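To start, the structure itself, in structure tokens.
The values are calculated or read from the model by the stated rules, or taken from the named source; none is laboratory data. This one's a predicted model, so the numbers in the text were calculated from it and none came from an experiment. Because the Cβ atoms are built from the backbone with ideal geometry, glycine has one as well, and the counts that use them run over all protein chains shown. Heads up: the accessible areas ignore ligands, DNA and RNA and are worked out on the full protein's heavy atoms, side chains in. Shrake-Rupley method; radii C 1.70, N 1.55, O 1.52, S 1.80 Å.
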Amino acid sequence: MASAGSGAGGAGAGGLKTYFKTPEGRHKLQYEKTHSPAVVHYNHSGKTVSQMTVAYLKEKPAGQGSTPSTPSAGSGMRSAAARLLGTGNGSRALSFGSNGTSRTVSGSSRIGGGIGASTCASGSQGMVNYDGKGTYIIFNTADTLFISDLNSHDKDPIKSIHFSSSNPLCHAFDPESKDGHDLLVGVFPGDVYSMSLRQQLQDPGKKPVSYQHFINKDKDKDPSQGGAASSRCTCVAWVPEREGIFIVGHADGNLYVYDKYKDGNTDWAFPTIKDQSQLLISHAKSSKGNPIARWHICQGAINAISFSPDGAYLATVGRDGYLRIFDFAKEQLIFGGKSYYGALLCCSWSADGKYLLSGGEDDLVQVWSMDERKIVAWGEGHNSWVSAVAFDPYWSPPNSDETEENVMYRFGSVGQDTQLLLWDLALDEIAVPLRHPSGGSPTFSSGSPSAHWDNACPPTGVLQPSPRMRDVPKLSPLVAHRAHVDPLSGLEFTSESILTICREGLIKIWARPSHSEKNQQPDSSDQVVGITTAKDKMLTSSNIAGTTGSSFKQSSVVFT
């Protein structure tokens, strides 16, 4: 593996540079993570795209060292032991050690209808800090789920779980989980597995020591929807501030709401969907089983879901090209908007819940405002589909006076063009709307039949068509860096680094600039990699009516 400082100019494998620069300093390729080819199985049709989840495992509470107690029989809930260890398929005998975790498991070595875990190539010892603090990377490749220690420079994962009957497609981690089930894994047929990350790390054996299996039976009830292929899981997410509640998006446009404390194998049925293009929310007749509700959101796949930090709002993007924002508790559509072309593939909230990013097949990144209920900026810089977007919650603007008008955001995007792009968004750049030079009413065209960007906030529950590009401020990337050889599929920010993953399952950890580097003056001969300037493309203020006195920074905002 090439180190960040190896070779002239920092060139690594495939001629890729092992660093890129921002105004804050140089981001260096610190190390890489990937899977061992020996444990990857390609015995299923189609190769799944690798996705990545960063899991922050908190220190185990002091009171969890004894055998879980059982609540009163009248509580209507299963015992704490059952909640911790999962129901699975069939009875399983477990014995507890002094730390309250499972030591032995009797029964079949293949659980959950064909799941077995294989140990990684790095050894057979369990993690010594499994009940302490740690940060882990969870990623999937083909039919295997891998777990790596973010803070270790070992390239190989410390745990691998092989799915012999289906491919894992998506996953999510809940750092606030009050019991052992904090990890969700969605698989191709539409089923979901809930398990304990801590127990996976503790046990180096051939199978998970804890799981719950939530079976998607809707695919069998309505064959006209295409069966398992259309019912496959596309995304999973825990609901913030709602202990035990999670949602699962599917390729048939359905989103199911589950409660992990309820039985996952009960029979259930929802009304037939007559109009695939209409929103239809249904609730289960029984309060004892799962799922507890079904949201039919759109015709075609739900490609990604994202909750606002407080859990109040749910964003979805789909094959039909629409971003939709829901009030989750009220089960109400707040607003939505369409891409400029094709499907939307990803979405992500800002840490304050005020803005939302989306990206997809139009090669663009869109910035949406919750207050304005519309797109307020769009970014051009990718040469292919945008696979993932994310705000950087650990970045703060230099010399910020923290006033409302001067708030800035840093966000990133990755695409199938193998590029990592970083963007700066300043509120004073989008606060003053762009008006037509004539000052008259906007014209409409068949290509973009939308209202003017400066129109009032749209009514609740209305899906807006895409606005004309000339009416919305355009962003140019701060940095454009070719990070991988293969198309990128995931992006994560941590306090110390930026993580990227390609569809083949190679993860790169880019270390943030040190404090000493931030204080150094940049070398005029060493330009920022891929920096895009707007000097030649920026329209002068004389070309734009109504913008007198506004502040638009040429380094990041471009109007066309």
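If you take the charge dipole of the range 259-398 about its Cα centre, with +1 on Lys and Arg Cβ and -1 on Asp and Glu Cβ, which of 314, 387, 273 is farthest toward its positive end?
Toward the positive end, the furthest listed residue is 273.
Check residue 318: other-chain or 5+ apart residues with amide H under 5 Å from its amide H, H built from backbone geometry?
303, 344
Just to be sure I understand the model, the point goes 7 Å from the Cα along the line to the Cβ. What's the resulting residue 469 to residue 263 distance in nm?
With each label point 7 Å from Cα toward Cβ, the separation is 5.6 nm.
Tell me, what HN-Hα J-couplings in whole Hz come from the Karplus equation 6.51 cos²θ - 1.76 cosθ + 1.60 at θ = phi - 60° for each residue of the range 161-177, using x for Gly and Pro?
Values per residue, Gly and Pro as x: 10, 8, 9, 7, 10, 6, 9, x, 10, 7, 7, 8, 10, 10, x, 9, 4 Hz.
If you put +1 on each Lys and Arg Cβ and -1 on each Asp and Glu Cβ, how big is the dipole of the range 261-302 around its Cα centre, in Debye rounded to 20? Display every interim value, and only then the final one.
Values: 5 positive and 3 negative charges, 21 e Å.
Around 100 debye, computed over the range 261-302.
Report, in listed order, any pair from 21/58; 330/354; 178/374; 155/178 with a Cα-Cα distance greater than 27 Å. Spell out each step's value before the answer.
Working: 21/58 32 Å; 330/354 19 Å; 178/374 37 Å; 155/178 31 Å.
Table pairs above 27 Å Cα-Cα are 21/58; 178/374; 155/178.
Give the accessible area for residue 49 in Å² (nearest 10); use a 1.4 Å probe, count only protein heavy atoms, and leave out ligands, DNA and RNA.
Its heavy atoms expose roughly 70 Å² to the probe.
If a/c stays under 1.5 just call it rounded; otherwise compare a/b with b/c (prolate if a/b is bigger, oblate if not). Do that for the range 148-207, with a ≥ b ≥ c from the square roots of the Cα gyration tensor eigenvalues. Walk me through the numbers on the way to the answer.
Details: a/c = 1.68, a/b = 1.19, b/c = 1.41.
Note, shape of the range 148-207 comes out oblate.
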